[in-house]
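What follows is a short report on a single structure.
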Amino acid sequence: SVDGKWALKCRPHNEAVGYAGGDYSAYHLTFSLWKIRCPTSFLIGEKSIQCPFKFVNKTTECMADRRVHVMDNVGHLLVYENPDSVAEKYAMFLDDMVPRAYARSSLDLCKAKL
């Protein structure tokens, strides 16, 4: 926070675009989650009323490779409430993907040589 107020770490326009058409896209996305096969990470605020852990966990259990992380002491707007922790969680998720991607590509190369 800056002077006791929350401050965005991105331009307000960029943040607003993320919410455009949210109701429509969220409805259709929910019924298509099973199609997602790449590793996916969900960050949930412990105090979120809009997306509680039980809902997100149940809704995403059809996904092949998903991770659901609950962040302590934040609500639904975790990017505003604790942006540094959100960035850290996603950086850790991406760091975990590099060795996995390398292992897969190396395995594919070995199979190709057989």
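The values are calculated or read from the model by the stated rules, or taken from the named source; none is laboratory data. Note that the structure is a prediction, hence the values are computed from the model and not measured. Neighbour counts are summed over all protein chains in view; Cβ atoms, including those assigned to glycine, are modelled from backbone coordinates with ideal geometry.
Any chance you could count how many residues in the stretch 85-106 are of a type in the set (Val, Ile, Thr) and modelled with pLDDT of 90 or more? Result for the stretch 85-106: 1. Cβ-Cβ distances below 7 Å connect the following pairs, each with a first residue in the stretch 43-62 that is over 20 Å from Met92 (Cβ atoms), a second residue that is at pLDDT 90 or above, and a separation of six or more residues or different chains: Lys47/Val74; Lys47/Gly75; Ser48/Gly75; Cys51/Ile44.
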